[in-house]
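For reference, the structure discussed in these notes is given below.
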Amino acid sequence: MNTLSNPQPTPSHSMKHRLESLLSQAWQTLGHDPNAAGIPARQAEHLARQSGDNHAWAQSLFIWGVSVLYEGGGHEAITLLCRALAVYRFVGDEEGQWSCLSAIAKAWHYLGDAEEAVSSQAAANAFTHHELFETAATWLDWFREF
């Protein structure tokens, strides 16, 4: 068989496929069991860093941060979400930035710091399309009572 007609997956192809699979699993899990979403998100974060896929890296950090926030780890969540925010800023993803800032606001609220919560949410709401972003943010459903 000719190797040109039947290429074998390269490690980078396999890694990319695994990363996509983990991110998909993490997003789906976040929708129904935020506690469990951290596991595939952490695995995806590791692969995203290795592969240099900044957008996947930001997504994995975000999902991991939201999962930790749901578990009650406000300070750890803020650290993860700030890392995700930095990467989303680097790649120019406004919806990702909005999501991080909104989740950070929820974390500050959970920690009892109303001033930081209001400041973070104001920064999120400064994005032109913040209302559209909020409508699409299914992860936010877990935090509607805040």
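Quick check, is residue 67 farther than 22 Å from residue 125 by Cβ and either under 14 Å from the mean Cα position of the chain (by Cα) or free of Cβ contacts under 8 Å to residues at least 12 places away in the same chain (or both)? Show your work before the answer.
Details: farther than 22 Å from residue 125 by Cβ: yes; either under 14 Å from the mean Cα position of the chain (by Cα) or free of Cβ contacts under 8 Å to residues at least 12 places away in the same chain (or both): yes.
Considered against the rule, which asks whether it is farther than 22 Å from residue 125 by Cβ and either under 14 Å from the mean Cα position of the chain (by Cα) or free of Cβ contacts under 8 Å to residues at least 12 places away in the same chain (or both), residue 67 comes out as yes.
Could you check how many residues of region 54-104 are crowded, with 20+ Cβ neighbours inside 10 Å and not hydroxyl-bearing (Ser, Thr, Tyr)? Outline the logic, then answer.
First, the residues of region 54-104 that are crowded, with 20+ Cβ neighbours inside 10 Å: 56-70, 77-78, 80-81, 84-85, 87-88, 96-104.
This time we only want the ones that are not hydroxyl-bearing (Ser, Thr, Tyr), so: 56-59, 61-66, 68-69, 77-78, 80-81, 84-85, 87, 96-98, 100-101, 103-104.
Residues in region 54-104 being crowded, with 20+ Cβ neighbours inside 10 Å and not hydroxyl-bearing (Ser, Thr, Tyr): 26 in total.
Each row is one residue, and each column tells you yes or no for (1) charged (D, E, K, R); (2) in contact (Cβ under 8 Å) with a residue 24 or more places away in the chain.
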site	(1), (2)
24	no, no
37	no, yes
40	no, no
43	no, no
53	yes, yes
58	no, yes
61	no, yes
71	yes, yes
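Looking for whichever is over 13 Å from the mean Cα position of the chain (by Cα) and within 23 Å of residue 141 (Cβ to Cβ) here; the options are 105, 77. Which one fits? Spell out how you get there, then give the answer.
Values: 77 fails: over 13 Å from the mean Cα position of the chain (by Cα).
The unique qualifying residue is 105.
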Note on residue 136: of the conditions (1) exposed (fewer than 14 other Cβ atoms within 10 Å of the Cβ); (2) closer than 26 Å to residue 49 by Cα; (3) in contact (Cβ under 8 Å) with a residue 40 or more places away in the chain, unmet is (2)
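Only the coordinates and a few stated rules stand behind these numbers; no lab work does. Nothing here was measured: the structure is a model prediction, and the numbers come from that model. Backbone-built Cβ (ideal geometry, glycine too); neighbour counts: all protein chains shown.
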